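Notes to accompany the following structure.
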Amino acid sequence: MTKSELIEVLASRQSHLAFKDVELAVKSLLEQMSHALAEGERIEIRGFGSFSLHYRAPRQGRNPKTGASVSLPGKHVPHFKPGKELRERVDLGT
Amino acid sequence: MALTKADLAETLFEELGLNKREAKDFVDAFFEEVRNSLADGAQVKLSGFGNFDLREKNQRPGRNPKTGEEIPISARRVVTFRPGQKLKARVELYAGSREQ
């Protein structure tokens, strides 16, 4: 399912909302979540899961073309931990 | 402090003018539809944010950490999240404390 398919499903189930509002609302939710993570804030959605940042230490990397060694700085990456309901429903689907 | 469904709904109320009931229902419906798709075995791709993929895990040996007893971990299907380029780039810039 893509973002536009999700918008269509939500628009058909939330028929009291204009299609445009559903589009804006989905964009708002994704922007709010991205923004929180960019600020280092966790996201906790009960029954779905939580998002947090994991730290990756600085390391020596290589330029794959030239083989030259480059030092890469430490950085944060987004991490998702599925919640209980999501874990159980996904596993039951098998 | 973590971002919650209540915070997400509050912003839909303030910025989009949905009433409080609609905003709360919308946030619930959003996560429910993502869950439905994954429960049906279909990955979810939210461009700009990331993909929720499904992976099949084979049975593997495990251990009860308390007793040390060996018990197999059964085969299962799990969800993984792969952040998109845009989200990764935004998060990389975060220079705050190392662990949350």
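Can you report the number of residues in region A:38-94 which are part of a strand (DSSP E or B) and either surrounded by 12 or more Cβ atoms within 10 Å (Cβ to Cβ) or in contact (Cβ under 8 Å) with a residue 12 or more places away in the chain (or both)?
Matching residues across region A:38-94 total 24.
Hey, can you tell me all the residues within region B:56-100 that are among the charged types (D, E, K, R), surrounded by 11 or more Cβ atoms within 10 Å (Cβ to Cβ) and within 12 Å of chain A (Cβ to nearest Cβ)?
B:Lys57, B:Arg76, B:Arg77, B:Arg82, B:Lys86, B:Lys88, B:Arg90, B:Glu92, B:Arg98
Within region B:34-88, which residues are under 23 Å from the mean Cα position of the chain (by Cα), more than 24 Å from A:Gly47 (Cβ to Cβ) and charged (D, E, K, R)?
B:Lys86, B:Lys88
Kindly indicate whether B:Lys20 is closer than 23 Å to A:Met1 by Cα, of a type in the set (Lys, Arg) and either more than 7 Å from chain A (Cβ to nearest Cβ) or in contact with an Asp or Glu (Cβ under 7 Å, 6 or more places away or on another chain) (or both).
no
For region B:2-17, what are the residues that are more than 7 Å from every other protein chain (Cβ to nearest Cβ) and part of a loop (DSSP other than H, G, I, E, B)? Can you show your working first?
If we filter region B:2-17 for residues that are more than 7 Å from every other protein chain (Cβ to nearest Cβ), which is where we start, we get B:6-7, B:9-10, B:13-14, B:17.
Answer for region B:2-17, where residues must be more than 7 Å from every other protein chain (Cβ to nearest Cβ) and part of a loop (DSSP other than H, G, I, E, B): just B:Gly17.
Is it fair to say A:Ser15 is among the hydroxyl-bearing types (Ser, Thr, Tyr) and at pLDDT 95 or above?
Judged against the criteria, A:Ser15 is not a match.
Of the numbered conditions (1) more than 7 Å from every other protein chain (Cβ to nearest Cβ); (2) over 20 Å from B:Ala6 (Cβ atoms), A:Tyr55 fails exactly one; give the number of that condition.
Looking at each condition in turn, A:Tyr55 falls short on (1).
The values are calculated or read from the model by the stated rules, or taken from the named source; none is laboratory data. None of the values given here were measured: they were computed from a predicted structure. No Cβ is skipped: glycine too gets one built from the backbone with ideal geometry, and neighbour counts run over all protein chains shown.
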